[in-house]
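Here's the structure, in structure tokens; my notes come after.
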Amino acid sequence: MFEQEPLKISPDLEIMFLGDACTGKTSIINRIINNPFNEIYEKTPIICFQYQNIKIKNENFKIIIYDTIGQEKFKSFFSPYLKTSSLIFLVYDVSNKDSFNKISNWINLICSEKYSKKPFIVLCGNKIDLKREVQKRDGEELAKKYRYLFFECSAKTNENIKYMFYSSIMNLPIFKINNENESEKEILIKKLIEEDINENKNDSSNIINSIDSFNYKNKNKTY
Ligand SMILES: Nc1nc2c(ncn2[C@@H]2O[C@H](COP(=O)(O)OP(=O)(O)OP(=O)(O)O)[C@@H](O)[C@H]2O)c(=O)[nH]1
Ligand SMILES: [Mg+2]
């Protein structure tokens, strides 16, 4: 067993990715933080975290993104991180009907948690570059039923990833941008994507940190 160093960053925002194994959670996160796409599947070790700094309207925000293994049996490991997350991406694979059918299990898991503040939830159909088993309207209907935001994307081609990310965070009160009208929002999203791509062109400084099964309980809020 090893003791994990307390994290030194106090994040402004915590984001969690949930969904079945192999749906592409890690791949989407890699694209968000400008890491390359990896064809080789590497199972996430229960829970990992990534830091990301973003600048919105000249203000800097520290974001922490939790990546999780796609197995519900580890839900007790996710819990301390889930309950402080303000934004949850619920991911399925549009080329795998089973991963879509199992979304209801993940919704139950999310609903069973006690949150300090109700999180925003985004339903995300990944792998739109592959042959579909799940139609877009099925995802839209499910999202409508639960009043979640809905996006489809491909981590492989990078289609819609940044758009999904920035459109989703627009809804969070912390960024004080949800009062803007729709066309202003669209302009801001485009600007954020451009700045993000330009600023991170040569930056490979993102760090992946694992939280192993021994130290997960010691979640230390003084990041
Ligand atoms: N064609 C295609 N393959 C993808 C896409 N996203 C991810 N993959 C592949 O799907 C496999 C699983 O991707 P991961 O990102 O590791 O999936 P995960 O949801 O993090 O899996 P767990 O960590 O086990 O929960 C990998 O081989 C990826 O290269 C996509 O948009 N299109
Ligand atoms: Mg993973």
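The values are calculated or read from the model by the stated rules, or taken from the named source; none is laboratory data. If you're wondering where the values come from, they're calculated on a predicted model, not measured in any experiment. Positions of Cβ are generated from backbone atoms using ideal geometry, with glycine treated the same way; all protein chains shown enter the neighbour counts.
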Next item on the list: From the list Lys97, Lys25, pick out the single residue that is at pLDDT 95 or above, more than 11 Å from ligand 1 (Cβ to nearest atom) and within 25 Å of Asp138 (Cα to Cα).
Entry: Lys97
Note to self: Pairs please, first residue from region 122-146 and in contact (Cβ under 8 Å) with a residue 40 or more places away in the chain, second anywhere and within 16 Å of ligand 2 (Cβ to nearest atom) and in a strand (DSSP E or B), Cβ atoms under 6 Å, 6+ apart in sequence or on different chains.
What the structure shows: Val122/Phe89; Cys124/Phe89; Cys124/Val91; Asn126/Val91; Asn126/Asp93; Lys127/Asp93
Margin query: Given the options Tyr92, Tyr41, name the one that is hydroxyl-bearing (Ser, Thr, Tyr), assigned to a strand (DSSP E or B) and either modelled with pLDDT under 90 or within 15 Å of ligand 2 (Cβ to nearest atom) (or both).
Written below: Tyr92
Check: Among (1) farther than 22 Å from Asp12 by Cβ; (2) among the aromatic types (Phe, Trp, Tyr); (3) in contact with a Lys or Arg (Cβ under 6 Å, 6 or more places away or on another chain), where does Tyr115 come up short?
Finding: (1)
Next item on the list: Tally the residues that are without any contact (Cβ under 8 Å) to a residue 40 or more places away in the chain, within 12 Å of ligand 1 (Cβ to nearest atom) and of a type outside the set (Lys, Arg), restricting the search to region 40-73.
Entry: 5
Next item on the list: Kindly list, by first and then second residue, each pair from a residue in region 149-162 that is near ligand 1 (Cβ under 9 Å from one of its atoms) to a residue that is small (Gly, Ala, Ser), limited to pairs with Cβ atoms under 6 Å and residues at least 6 apart or on different chains.
Entry: Ala155/Gly24; Ala155/Ser27
Notebook entry, point to check: Name the residues in region 48-87 that are assigned to a strand (DSSP E or B), more than 17 Å from Lys117 (Cβ to Cβ) and within 16 Å of ligand 2 (Cβ to nearest atom), would you?
Noted result: Cys48, Phe49, Gln50, Ile65, Asp67, Thr68
